[in-house]
Amino acid sequence: MTARERVAGTVANYVDERTGAAKWMKKNLTKVFPDHWSFLLGEIVLYSFIILLLSGTFLTFWYDPSQREVIYDGSYVPLQDLHMSAAYASTLHISFEIRGGMLMRQIHHWAALIFMAGMVVHLMRVYFTGAFRKPREFNWIIGVGLLTLGIVEGFLGYSLPDDLLSGTGIRIAEAIIQALPVVGSYLAFFAFGGAFPGEAFIPRIFTVHVLLLPGIFLALITVHLMLVWYQKHTQWPGPGRTEKNVVGYPLMPAYMAKAGGFFFIVFGVTAFLGAVASINPIWLYGPYNPGQISAGSQPDWYMGWLDGLVRMSPPLESYIFGYTIPWNILIPGLIVPGILFTGLALYPFIESWITGDKREHHLLDRPRNVPNRTALGVMSLTFMLVALINGGNDIIATTFHLGINQVMWFSRIGIIILPPIAFVVTKRICLSLQRADRDLVLHGRETGRLLMLPHGEFVEVHEPISPELAWKLTAHEQAPALSLEDVDARGVRRAGGLKNKLRKRISQANAESIAKPTANDLKEIEHH
Ligand code: HEM
């Protein structure tokens, strides 16, 4: 035993005698995880969260969360002698006078954008592969909570500098709060500590941004990862992989090394972006003034869809019992997002209601093999994309020399007709891909080699595919639609007739698929 090993052994013994950690570590560090690039998406989110904590802590050393009025006398000449809030002045100070301040601000902002983008792509991977099914529904709901909090956290973050752009965003948030019937104006007064903008809002959102939400994030991420640990990670189907085993590498050393390296890649990319790509140049926007607004105001991308929905809403208002109900804000700002996020959170339960499937699933689905789910996902993304496009209607109009109303009418009509079209097209593509898989299994791979038969006919030579690929292409289940008869076995009409009819209809549409080849089909082909 070398001296180094002896020292390591002594330290490990010392810790183990006091904590009893060795048994636990041995069990958990050898835990096996399946491998696939798409499982790295959650890690990107985790690492950008760590980068956010570190860079954000740096910023708190100099940021002054105060709406007290000051006169700017820093080094950025165009703003000198201007009246502004201490929050804005301190953000300029971090940008221009603190060594590395600008870099840290930009790293923090880029990390936030990557965090949100990573989260959305991670969600898409979980959704399109069916990783949310039993027993992971609870983790899916935690995920939806994290996504919602991420949007709020990001919004509060870019509101802190109190520049003209962020103040405009806060003004929109105030309008959305005020749109709530009856209680709206009271809630807005409560949030702002009086009339807008007041002096209380920035200090309050600072506490929420740096203390409350990161605390909730830490707790939720911990539970999220503990559940991944406890329930085990899903895996792609393949030879030797079943619902009861996990095929992959042990955490130590394979994943420890990979994860460590991957953290530094994510950190490197974020630092590179922070160093070379300007983001949120608040000195160009100027300090917030409720009487001004700059042209081309754009929120961060994850808020763009919400802004787009509000922008496309027609001016609808009702006056009931002396109260104004501003539907033009209420519907796009609260009702539609509320429905979308509730539907998202409940999706695992909705799908299991449609399929009647209450079993556990640890093997992932190929998106093409579940056409309805995939089509619904693409439909929702199309909805979001049209809303996002309209969030930039002014920029699109000026860039492409269009009228702003042209972009808005495209979005108003597009948001209604494009999502269903996306659904139908995606479903057809999935079914075509299933057909292609079936042909591949039955007839093998096209080689491009043409053969002339003795009687002069040309045929293309097909090569049989490997048994592994054939397994992968046929491993999925093709469950039949639910057979929900209107009357039960004794001829008695079932309760909830309309609900059952609806469930039956959806279940039939859901079960539509191209029959995968059976062993008999293969035998028949071999026979020919
Ligand atoms: C702060 C945000 C988040 C972090 C740090 C995070 C992190 C992770 C990590 C590291 C994994 C394991 C590796 C992987 O499968 O990618 C994972 C799995 C999972 N995540 Fe997230 N996630 C976040 C948000 C979300 C969201 C928004 C959803 C969906 C709404 C979600 C749902 C899930 C589910 C269901 C699993 C289990 C997947 C499986 O076993 O295949 N997560 N998450």
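Pairs with C-alpha atoms separated by more than 30 Å, drawn from the list Lys258/Lys358; Lys427/Lys472; Lys501/Lys523; Lys258/Lys472; Lys23/Lys472; Lys23/Lys358, are Lys258/Lys358; Lys501/Lys523; Lys23/Lys472; Lys23/Lys358. As an equivalent ellipsoid, segment 342-428 spans semi-axes of 35, 12, 11 angstrom, where each value is the square root of five times an eigenvalue of the C-alpha gyration tensor, largest first.
With the whole protein complex present, Trp229 retains an accessible surface near 80 Å², based on a 1.4 Å probe.
Tell me which DSSP H helices of the chain clear both cut-offs, 20 Å or more of axial length from alpha-carbon atoms and a mean Kyte-Doolittle hydropathy of at least 0.0.
Helices meeting the span and hydropathy rule in the chain are 40-60, 101-128, 137-159, 164-178, 213-231, 256-276, 336-355, 371-391, 404-443.
Across the chain the C-alpha pair distances fall into 10 Å bins from zero in the proportions 3, 13, 21, 23, 18, 12, 7, 2, 1, 0 percent. Per-residue ellipticity at 222 nm from helix content only, as computed over the chain with -39500 (n - 2.57) for each DSSP H run of at least four residues, stands at -20000 deg cm²/dmol. A 1.4 Å probe, protein heavy atoms only, puts the accessible area of Val461 near 40 Å². The solvent-accessible area of Leu388, taken with every protein chain present and a 1.4 Å probe, is close to 60 Å². Of all aspartates and glutamates in the structure, the ones whose alpha carbon falls short of 16 Å from that of Lys26, not counting any fewer than 8 places away in one chain, are Asp16, Glu17.
Relative contact order for segment 9-167 using alpha-carbon pairs under 8 Å, separation at least 6, rounded to a whole percent?
Once divided by the residue count of segment 9-167, the mean separation gives 23 percent.
Scaling the Cα radius of gyration of segment 277-364 by the globular reference 2.2 N^0.38 Å produces a ratio of 1.70.
Here the relative contact order of the chain, from alpha carbon pairs under 8 Å that lie six or more residues apart, stands at 17 percent. The distance separating the Cα centre of segment 241-294 from that of segment 372-445 comes to 27 Å. Placing +1 on the Cβ of every Lys and Arg and -1 on the Cβ of every Asp and Glu, with no other charges, gives the chain a dipole of roughly 1760 debye about its Cα centre. Between Leu59, Val121, Val70, the Cα set farthest toward the positive side of the dipole of segment 6-141 (charges on each charged residue's Cβ, about the Cα centre) is that of Val121.
Ranking Leu251, Pro299, Leu164 by Cα position along the charge dipole of the chain, where only Lys, Arg, Asp and Glu carry charges on their C-beta atoms, puts Leu251 farthest toward the positive end.
The values are calculated or read from the model by the stated rules, or taken from the named source; none is laboratory data. Quick caveat: nothing in here was measured; it's all calculated off a predicted structure. Glycine gets a Cβ as well: all are built from the backbone with ideal geometry, and neighbour counts include every protein chain shown. Only protein heavy atoms, including side chains, enter the accessible area calculation; ligands, DNA and RNA are left aside. Shrake-Rupley method; radii C 1.70, N 1.55, O 1.52, S 1.80 Å.
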